[in-house]
Protein chains: 2
Amino acid sequence: MGTVTVPAFLPSPEDDGQKLRKAFQGRGTDEKAIIDVLGHRTAAQRSAIAAAYASLYGESLLHRLHSELSGDFRNAVMLWTMDPAERDAKLVNKALKRKGERHLWVIIEVACASSPDHLIAVRQAYCSLFSSSIEEDVAHKITPTEPLGQLFVRLLTSYRYPGEHVAVELAKHEAAQLFDAVQKKQLHRDEVIRVLSTRNKSQLKETFEQYNEGYGRHIEEDIEGAGRSQFASMLKTAIWCIASPEKHFAEVVRSSVVGLGTDEDSLTRAVVSRAEIDMKKVKEEYKKRYNTTLIYDVVDDTSGDYMRFLLTLIGPADP
Amino acid sequence: MGTVTVPAFLPSPEDDGQKLRKAFQGRGTDEKAIIDVLGHRTAAQRSAIAAAYASLYGESLLHRLHSELSGDFRNAVMLWTMDPAERDAKLVNKALKRKGERHLWVIIEVACASSPDHLIAVRQAYCSLFSSSIEEDVAHKITPTEPLGQLFVRLLTSYRYPGEHVAVELAKHEAAQLFDAVQKKQLHRDEVIRVLSTRNKSQLKETFEQYNEGYGRHIEEDIEGAGRSQFASMLKTAIWCIASPEKHFAEVVRSSVVGLGTDEDSLTRAVVSRAEIDMKKVKEEYKKRYNTTLIYDVVDDTSGDYMRFLLTLIGPADP
């Protein structure tokens, strides 16, 4: 469940557009008003506001936000306001230009923690924005002959059956195939990639469950035990993003705040992309795993409008 | 260019629906009226007629066609009347259940001779119709560890940049990569699959052109020379479907009529799927290559309403 709250008496998109316009005008920008409006609207409502704003004032809401705001607050508000498919296309494109494992997470997140139709929309948006296909750019960055490139391309290009059909015998069979590959430390086997990239998510959850029941262990733990390679780490991330994305996003937030300094890009990404989907579960998972709350860590590591905006999206502490 | 002709004074979908209803009623079915209506309407118009028919008479036009018609004529009219994405999803599903190289052609056709958006629509339709993803079923039929499976899955899951952006230096570079793979008879190389499955079609045409200019030969001839494997044959088919689909479909029609008996399924598929796209070019190519006309061969090999329907879609002989 998401954590975004929408007022009971929802203003029209035109009214919201006017409020934003007022917030931009005069001396200084009224950041609070911006948070009040945009932080409490769903994706469809934000899109209607952007359309109303453009037709009322003949300028793009995103451009105006860009010129009015700055820093991490601007980045967060803009990612939140743009179309979610465009947002993810931009995040993947940016991730492909940077180094480090944490950036590669973005690719797995978009590929595995999205609905099949959202993933297709991301690929279409990617082509429009960058005049190349997402798989073309991924294959350019990560040699597709290597297992990691294979994994990325196959996951990103998947269009899984979106229904919840589960075949238990198949799940047992494929759990055994996965177990065999993991036991023999042959994580690269095509079976592993095939199963993870083609089966529907309900089927995969059943497969992981069968693995757990049949062999007494969680598959992601076995994978971590099988080798500390980047491939193993990405495989684990994929499994989490497919079966329990809240675990992955709790980890994204946690690793963005621990240590010296904050990785604001990752923190923003996690909050903005999950606030409407499963932020409630992310918060629960966070509490369980790290013995502190997500809200506490955000307050501890951020400040000002950026902090206020994130907290708006994250919602109140659970009772 | 397509060969489907639409009357200058187009009846409303309701009028067309009524005409079809009349054709179904009374003693015997009026096949000529069915051909007159459906054979002269675009995909969007056929879809509007089906919707109007359903709302006027409370029954599905496709179901009624199924019960009124029979044989190859029925098959052709139904494939023509259904939504093109559903049609291709059904054709792929059927192809996966049959044996023989000609059936595998269907997979390459749908993957390579469709627009990127149509291919996505086919994958979505496939999931709705068969409760599994297209890549799941392909991977089940053709071991994806084998190069052929890799090729099929990567082509089917592609979403190419739909624009016409061409980078000439890149085309030269990739033409050289392809040439090297072909020369060393290493058609399975991942580079080959990567280039064919990720680059946009204009870029690929430029790459094949650079191959031709740089090495004095057509890449598809070199591939055929490199080995008479099924993989080589599918690679050639993919290249044709990407760069000059008329060549492939001329061959589909030709091989469906030569020899004893006719392969009606292939003939119908080629005509129904290209009539609105490039049937004019297919006819030209046919004439050039086989020294006879496509119309002559269709008349020679088919008869009755089936023949009349195909000829309606194929259009008149060029002057």
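The values are calculated or read from the model by the stated rules, or taken from the named source; none is laboratory data. None of these values were measured; they are calculated from a predicted model. Heads up, the Cβs are rebuilt from the backbone with ideal geometry, glycines too, and the neighbour counts pull from every protein chain shown. The protein model used for the area step is the full one, side chains on, heavy atoms only, and it has no ligands, DNA or RNA in it. Shrake-Rupley method; radii C 1.70, N 1.55, O 1.52, S 1.80 Å.
List of remarks:
- Summed over the range B:33-78, the residues that are within 17 Å of B:GLY2 (Cα to Cα), of a type outside the set (Gly, Ala, Ser) and part of a helix (DSSP H, G or I) give a count of 3.
- Among the residues listed as B:LYS201, B:LYS236, B:LYS184, the single one being outside the structural domain of B:LEU151 (by TED's automatic domain parsing) and touching a residue at least 40 places away in the same chain (Cβ under 8 Å): B:LYS201
- Residue check for A:LEU56: open to solvent by less than 40 Å² (accessible area, probe 1.4 Å), modelled with pLDDT of 95 or more, assigned by TED's automatic domain parsing to the domain that holds A:GLY28 and not small (Gly, Ala, Ser): no
- Contacts under 7 angstrom Cβ, first residue in the range A:297-312 being open to solvent by 50 Å² or more (accessible area, probe 1.4 Å), partner modelled with pLDDT of 95 or more, 6 or more apart: A:VAL299/A:MET307; A:ARG308/A:ILE35
- Qualifying residue in the range A:162-183 (condition: at the interface with chain B (Cβ under 8 Å from one of its Cβ atoms) and under 18 Å from B:LEU155 (Cα atoms)): no
- Test: A:ARG228 is under 23 Å from A:PHE179 (Cβ atoms) and either open to solvent by 30 Å² or more (accessible area, probe 1.4 Å) or not hydroxyl-bearing (Ser, Thr, Tyr) (or both): yes
- Reported count of residues in the range A:70-95, each being open to solvent by less than 10 Å² (accessible area, probe 1.4 Å), closer than 16 Å to A:ASP263 by Cβ and in the same structural domain as A:SER133 (by TED's automatic domain parsing), is 1.
- Among the residues of the range B:96-118, those identified as touching a Phe, Trp or Tyr at 6+ places or on another chain (Cβ under 9 Å) and either farther than 16 Å from A:THR157 by Cα or open to solvent by less than 40 Å² (accessible area, probe 1.4 Å) (or both) are B:LEU104, B:ILE107, B:ILE108, B:GLU109, B:ALA111, B:CYS112, B:ALA113, B:PRO116.
- Among residues of the range A:146-164 that are within 17 Å of A:HIS103 (Cβ to Cβ) and surrounded by fewer than 24 Cβ atoms within 10 Å (Cβ to Cβ), those with a Cβ under 6 angstrom from a residue that is modelled with pLDDT under 90 and of a type outside the set (Gly, Ala, Ser), sequence gap 6+ or separate chain, pair up as A:LEU148/A:ILE142; A:GLY149/A:ILE142; A:GLY149/A:THR143.
- Matching residues in the range A:262-310 - criterion: being in contact with a Phe, Trp or Tyr (Cβ under 6 Å, 6 or more places away or on another chain) and under 12 Å from A:VAL252 (Cα atoms): A:ALA270, A:ARG274, A:VAL282, A:LEU294
- Total residues in the range B:265-282, condition in a helix (DSSP H, G or I) and open to solvent by 20 Å² or more (accessible area, probe 1.4 Å): 3
- Lone qualifier among A:ALA76, A:ALA48, A:ALA111, A:ALA43 - being in contact (Cβ under 8 Å) with a residue 24 or more places away in the chain and within 14 Å of chain B (Cβ to nearest Cβ): A:ALA111
- Filtered residues of the range A:99-125 (kept if touching a helix residue (DSSP H, G or I) at 6+ places or on another chain (Cβ under 9 Å) and basic (Lys, Arg)): A:ARG102, A:ARG123
- Of all residues making up the range A:184-218, the number that are within 14 Å of another protein chain (Cβ to nearest Cβ), open to solvent by less than 40 Å² (accessible area, probe 1.4 Å) and assigned to a helix (DSSP H, G or I): 12
- Meets criteria (touching a residue at least 24 places away in the same chain (Cβ under 8 Å) and either under 25 Å from A:LEU204 (Cβ atoms) or surrounded by 20 or more Cβ atoms within 10 Å (Cβ to Cβ) (or both)) for A:THR262: no
- For the range B:275-296, the tally of residues that are within 21 Å of B:ALA95 (Cβ to Cβ) and without any contact (Cβ under 8 Å) to a residue 40 or more places away in the chain stands at 1.
- Number of residues in the range B:148-161 that are more than 10 Å from chain A (Cβ to nearest Cβ) and farther than 25 Å from B:GLN186 by Cβ: the value is 0.
- Extreme residue, farthest from B:LEU151 (Cα to Cα), among residues of the range A:118-147 that are within 9 Å of chain B (Cβ to nearest Cβ) and among the hydrophobic types (A, V, I, L, M, F, W, C): A:PHE130
- Test result for B:THR3, among the hydroxyl-bearing types (Ser, Thr, Tyr) and more than 15 Å from B:THR312 (Cβ to Cβ): no
- Qualifying positions in the range A:9-32 - assigned to a loop (DSSP other than H, G, I, E, B), over 19 Å from A:SER47 (Cα atoms) and open to solvent by 40 Å² or more (accessible area, probe 1.4 Å): A:GLN25, A:GLY26, A:ARG27, A:GLY28, A:ASP30
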